[in-house]
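Take a look at the structure set out below.
Derivation of every value follows stated rules applied to the coordinates shown; laboratory data play no part. As the structure is a prediction and not an experimental result, all values here were calculated from the model. Glycine also receives a Cβ, built like all others from the backbone with ideal geometry; neighbour counts cover every protein chain displayed.
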Amino acid sequence: MSKPIRILSDHLVNQIAAGEVVERPASVVKELIENSLDAGCSRLEIDVEQGGIKRLRVRDDGGGIPREQLALALARHATSKLAELADLEVVGTLGFRGEALPSIASVSRLTLTSRQHADAQDVQDASDAAWEVAVALDGHVDGPRPAAHPVGTSVEVRDLFFNIPARRKFLRTEKTEFEHVEQVVRRLALARPDVAVELRHNGRVIHQLAAADGQPEAVWARLDRLLGAGFAEQSLELDASAVALHLHGWVRRPAFARSQPDQQFLYVNGRLIRDRLISHAIRQAFSDVLHHTRHPSYVLFLELPLHLVDVNVHPAKHEVRFRESRQVHDFIQNAIQRRLAQGVLGQVGQNNQ
Ligand code: ADP
Ligand code: MG
């Protein structure tokens, strides 16, 4: 006899959804940093213990969450970033699915602490203006209770997958997990030089990046810090536009190509994505100047009107769909090809012609 059909509990639904967005500590860090950036932060502190398996915390100085919405932030399909279907056509934030926090909370011990900007809150007594909620084992939310916290938000995640041993077994060593965390931080820090970033592992400062003040030198310094000294000097800066498309960023001169494809960063409207079509366009652009065993290095930002790109392709949001994919492909290929052709004539170190 077949078993009866039943509706799953919210907690179980969250745990199932977590399978798609929470693979390892690094995916938690990615979601938390994206939330902080969406909250308009200018500073990010990422504190990780034992590769993030034991504990990780992301703290920002963004807008914060009002007390009465703290529990809601942990509810499934609860988001401040979308209200109706039409909004999905023009997503300008990194998040929009309202899934990350409840998913993470269902597979870890999560605490959310936040304090709103003074002018955003109607609390008279500033001393109790920070509040905290925690998720109990059964998925219920404890709090809010008063907490100490500067303006902004912290999310602390302990004991990832403590309740899903099968998942926990797939985690690698502390060192490997931390490398993944660092890679996530690197990707986001490259995209947002205007945000100060500090990354700590087991109490040690791994990266301390000041916010770039708008000077190109400050941006180059961040590139060098994250991609190795010399990146900026060995690269050609690129800035190209065609109709609605805009591409800017850096491609490393072919002479400095790498044996690994480990420095390929492509952002679409600020979101790091993997895209076969664009990878193809870039490879084509380099094909005349690069031996086929070498890999180009680049940090490129493609900007285009929000309605020309669909970001709702996968829960982890690593992929997008372009409305005019051929046009995007050819634009990128041409822009890079042209820049490389100019660059060959120029001198190494002439970065910004
Ligand atoms: P999404 O980012 O898709 O909206 P999340 O589950 O990641 O979904 O977050 C739920 C909501 O909680 C967000 O829409 C936002 O309103 C709020 N939130 C989460 N993190 C922060 C943060 N660091 N600062 C301010 N608000 C936050
Ligand atoms: Mg989010």
Inset, instruction - Could you check the simple spin-label distance between Gln208 and Asp87, using points 7 Å along Cα→Cβ, in nm with one decimal? - result: 3.9 nm
Inset, instruction - Using the number of other C-beta atoms within 10 angstrom as an exposure proxy, rank Lys317, Lys81, Lys175, Lys3 with the fewest first. - result: Lys3, Lys175, Lys81, Lys317
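Among rounded, prolate and oblate, which fits segment 212-302 when a ≥ b ≥ c are the square roots of the eigenvalues of its C-alpha gyration tensor, a/c under 1.5 means rounded, and a/b larger than b/c means prolate?
It comes out oblate by the Cα gyration axes.
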Inset, instruction - Have a look at Ser154, Ala211, Ala257 and report the one farthest towards the positive end of the charge dipole of the chain, computed about the Cα centre with Cβ charges (Lys/Arg +1, Asp/Glu -1). - result: Ala257
Legend entry - Note, ³J(HN,Hα) from phi for segment 113-119, Karplus 6.51, -1.76, 1.60, rounded to Hz, x at Gly and Pro: 10, 8, 9, 7, 4, 3, 6
Inset, instruction - Please find the FRET efficiency linking Arg158 to Glu319, where r is the Cβ-Cβ separation and R0 is fixed at 45 Å, and quote it to the nearest 0.05. - result: 0.90
Inset, instruction - Report Rg(Cα)/(2.2 N^0.38 Å) for the chain, keeping two decimals. - result: 1.06
Inset, instruction - Treating cross-link reach as a plain straight distance, find the lysines whose alpha-carbon is under 17 Å from the alpha-carbon of Lys317, omitting any fewer than eight places away in the same chain. - result: Lys30, Lys81
Inset, instruction - Using only the Cα atoms of segment 62-117, build the gyration tensor, take square roots of its eigenvalues as a ≥ b ≥ c, and label the shape rounded, prolate or oblate: rounded if a/c is under 1.5, else prolate if a/b is larger than b/c, else oblate. - result: oblate
Legend entry - MRE, 222 nm, helices only [DSSP H, n ≥ 4, -39500 (n - 2.57), over the chain, to nearest 500]: -9000 deg cm²/dmol
Legend entry - Residue-by-residue Karplus 3J(HN,Hα) for segment 190-207, coefficients 6.51, -1.76, 1.60, Hz, glycine and proline x: 5, 6, 10, x, 7, 10, 6, 9, 10, 10, 10, 10, 6, x, 8, 7, 9, 9
